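The next block holds one structure in the form of structure tokens; read it before the comments.
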Amino acid sequence: MTNRNVQAMDEARRSASFDSKKMAEAIYGREEHNRHITAFQRVEQALDTADNMKLPPCYRDMNRQELLLEGLRTGKVVYEDGVDNNCGVFEYVTHHGSLANASPFGLMRFLFIPPVKQLGTDEQIAQWVPLAEAGKIIGSYTQTELGHGTQVRGIETTATFDKETDEFVIHSPTLSSTKYWPGGLGVVSTHTLLMARMILDGKDLGVHAFIMQIRSLDNFKPLPGIELGDIGMKMAYNGTDNGYAIFNHVRIPRTNLLMRHCQVARDGSYTSNPLRQKLAFGGMLSGRGIIARAATFQLAQALTITTRYSVIRQQGTLSPLGEPTAIIAYKHQHSRLLSLIAKSYISLLAWKSANAASADLKSRQERGDHSTLPYIHMLMCGLKAWSTQTAADGAEEARKMCGGYGYLAISGFPEIAASVTATCTFEGENFVAKYLLKGFDAKKLPADMAYMSEYETVAEDKEVCCAAGEDLLAHDALQEIFDYRAATSAREVHEAVKASERAGKSRLEAENTHALQLHVAARAHIERFILSAAVWQLNCLPAATPSAIKTVLGRLISLFGLTAIASPLEPFASSFLGYGYITSSHLKDMQKQIDDLLEVLLPDAIALTDAWSFSDASLASALGCADGDICARLLAWTRQLPINVEAAKNGGVFKKGWEENIRPFLNRDLSHLDVKAKL
Ligand SMILES: Cc1cc2nc3c(=O)[nH]c(=O)nc-3n(C[C@H](O)[C@H](O)[C@H](O)COP(=O)(O)OP(=O)(O)OC[C@H]3O[C@@H](n4cnc5c(N)ncnc54)[C@H](O)[C@@H]3O)c2cc1C
């Protein structure tokens, strides 16, 4: 008997205008794609998750401790796979494609080794990095305190230098200085990279980074003077032990201060690079890039599940003959789906450009050139903020598009949506707005803001976009519209801030007064980067890339640009309308182009999500299996749920519930009431 769902999926796959494997090679690079596939296969074999008719272990009933044990089991397999096969695929993601800090070992390559390399001297790097890379120690990153999250400068934990013993004394002086949140800190890590205020001769020199051993490597007990614990269940990330720590005058060697950019000598004298603070937080740049990329993958996972589900799920009809219609055919469904698919691709392309710029900064810094640091800092903050917000909103939207089934744990959505939303929270600062204001305050606009000089005035500028009809699909035309919005909104808010300052407000107060306009200006500046970066990446594809791939990527870029401006569902669309550059006639034309693009891209939907190459096991979704046999999987997994297995053993009776509550409920004595009910 042919399976209708499998057949529908086959047809949807065959309708594509391009080969999804070739697309995968275009977005990942051929070698990386192969490495990615084989690494996931190896790990899924080792974790016994390759058989997709079996309920994935993450859906077993588990309490806090069992969830952590499962996180340790899987995290260990994944970390060891990386070491044994010299493979970097799982350095930043888990076997489910979440950001690596969802695993107890995941902070090591993400937020322990990179800052050590960035802030440590050559000897310190040689001492600590090989130990961490080989998994001989387990590292975490300890910054956030009960009283201090976003505001890192407020950190209260102290590291006071004791000249007598050549040691720093680490101490939590107040309740609010309790370290709270660090991944891996609660019960797993042996060492942590600690952010604490350095006190030398009674003088507070601000926040510095230290390496600190926190547990004995022999019996694993917290070292004397250290209280450690797990912070309990979270919305997601329950396979790892976000923890708390309180330090009571704990001594560490002076040489555990990371000393590439600052030094404390044996006699207690302090020297530092004037750029120390900027360089100290430079380690965060790569972290932000990693977060942005991981959030993009999680959005792509959610969209893969929803697209597959939408192809086989039939409800209602569009046919005059009353034949059932797959929900993907409904415009409301596929317009949201394809706009989000476009965003996921554009997000990855933009990340590639930002990552290249960040790598360029790194090599410049090795030659002592830090000139592009402020720009890259702004770029990474802005991209991270945009990608994580887009992914969190998009994953939630994708969940809703699967109706009630998207609300099931075994759909995979609760974990994806709840874990990707955390990426908006950590590394949360947004420097873009301040950067724009500084740019205008400077004598000459920085290079990345130079495009703004083409739009010198705000109120008097009555330019109107000259593109119309199909010309609005052109990337150049869209770029001009994005540039115009970014320039005018930045210039306008700068003038507003200046006016508030002239009226007697401090800069901080003025910025707070105009915070919403600043937010729009920051988003506009980042989105114009994102658009230009995506176009750049498209133009940089190797000449051998099939033209069908280039065509579809070009369409996704147009769809991204047009929907940002003209879709009624886009929250920032109105920001394009200022100063009459875009008129109602443009909007009408754009909506027509969007409609046409949606029709032409619809047959490519499955191939576009296949190209991300997520294995069934990594999606862990009964709705998202590649073959489309969704009903079979839903039912098989549902039957294997521990509650149903347990009931089946007792003839279909959920025994504990029956004995403890249901039977007493049904049999309760109602003789004191005048109740006539009798079976
Ligand atoms: C899953 C997860 C993992 C984490 N892992 C780690 C880790 O490994 N190590 C670690 O050290 N920490 C970790 N954290 C902590 C994380 O870095 C903090 O939660 C984050 O920095 C935000 O701080 P907060 O929670 O104190 O929020 P707050 O700073 O209190 O922010 C609350 C709200 O106020 C707003 N706000 C705050 N200050 C300002 C301002 N100046 N201007 C405008 N708005 C403002 C914020 O935008 C937010 O909306 C983790 C957090 C999560 C959720």
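Nothing in this text is a laboratory measurement; each read-out follows from the coordinates by a stated rule. Not measured: the values here are computed from a predicted model. Here the Cβ positions follow ideal geometry from the backbone for every residue, glycine too, while neighbour counts run over all protein chains shown.
Points worth noting:
- Among Ser489, Ser500, Ser558, sorting on how many other beta-carbon atoms sit within 10 Å of each Cβ, with the fewest leading, yields Ser500, Ser558, Ser489.
- Computed [θ] at 222 nm, helices only, for the chain once each DSSP H run of length n ≥ 4 contributes -39500 (n - 2.57): -16000 deg cm²/dmol
- Förster-model FRET efficiency, 51 Å R0, Lys656 and Asp84, C-beta, rounded to 0.05: 0.75
- Compared with the alpha-carbon gap, the fully stretched path from Leu508 to Val6 is longer by 174.8 nm at 0.36 nm per residue.
- Spread of Cα-to-Cα distances over 20 Å intervals beginning at zero, given as percent, for the chain: 16, 45, 31, 7, 0
- Among Gln314, Ala295, Ile137 - extreme Cα towards positive end, dipole of the chain, charges at beta-carbon: Ile137
- Ranking of Trp658, Trp386, Trp181 by neighbouring Cβ atoms within 10 Å, starting from the fewest: Trp658, Trp181, Trp386.
- Summarising the label geometry, the points placed 7 Å from Cα in the beta-carbon direction at Lys331 and Leu445 lie 3.8 nm from one another.
- Estimated at 0.36 nm per residue, the fully extended path between Lys76 and Ile199 surpasses their Cα-Cα distance by 40.5 nm.
- Cβ-Cβ FRET estimate between Phe665 and Thr425, R0 fixed at 41 Å, reported to 0.05: 0.45
- The charge dipole of the chain, taken about its Cα centre with unit charges on the Cβ of Lys, Arg, Asp and Glu (plus for the first two, minus for the last two), comes to roughly 760 debye.
- In this calculation the C-beta distance from Lys438 to Asp360 is compared with R0 = 22 Å, giving a FRET efficiency of 0.55.
- Residues Ile226, Ile138 arranged by fewest to most Cβ contacts within 10 Å: Ile226, Ile138
- Gain on full extension, evaluated as 0.36 nm per residue between Glu501 and Arg35 minus their Cα-Cα distance, stands at 162.3 nm.
- Within segment 284-400: Cβ-based charge dipole about Cα centre, in debye rounded to nearest 20 (Lys, Arg +1; Asp, Glu -1): 80
- Distance-filtered residues of segment 499-537 - backbone nitrogen under 20 Å, label point 7 angstrom along Glu570 Cα→Cβ: 517-537
- Each part reduced to its alpha carbon centroid, segment 601-679 and segment 94-149 end up 39 Å apart.
- Listed cross-link partners Lys21/Lys331; Lys54/Lys234; Lys343/Lys588; Lys384/Lys498; Lys331/Lys400 are compared with a 19 Å cut-off, the Cα-Cα value being larger for Lys21/Lys331; Lys54/Lys234; Lys343/Lys588; Lys384/Lys498.
- Model label points for Gln314 and Gln640, set 7 angstrom from Cα along the Cα-to-Cβ axis, are 2.8 nm apart.
- Overall, segment 14-137 carries a charge dipole of about 280 debye about its Cα centre when +1 sits on the Cβ of Lys and Arg and -1 on the Cβ of Asp and Glu, all other atoms neutral.
- Across the chain, the mean sequence separation of Cα contacts (distance under 8 Å, 6 or more residues apart), normalised by length, yields a relative contact order of 17 percent.
- Projecting the Cα positions of Leu478, Gln517, Cys466 onto the charge dipole of segment 446-523 (unit charges on Cβ atoms of Lys, Arg, Asp and Glu, taken about the Cα centre) puts Gln517 furthest along the positive direction.
- DSSP H segments from the chain that extend 27 Å or more along their own axis, Cα-based, with Kyte-Doolittle mean of 0.5 or above: 283-312, 515-539, 547-566
- Only beta bridges with both residues in the chain are counted; by DSSP, about 85 percent of them are antiparallel.
- Projecting the Cα positions of Trp637, Ala564, Ala605 onto the charge dipole of segment 555-640 (unit charges on Cβ atoms of Lys, Arg, Asp and Glu, taken about the Cα centre) puts Ala564 furthest along the positive direction.
- C-alpha center-to-center spacing [segment 391-446, segment 515-557] in angstrom: 18
- Label-point separation in nm, Ala632 to Thr174, each point 7 Å along Cα→Cβ: 6.2
- Convex hull of segment 108-275 built on C-alpha atoms - directionally averaged projected area, nm²: 9.9
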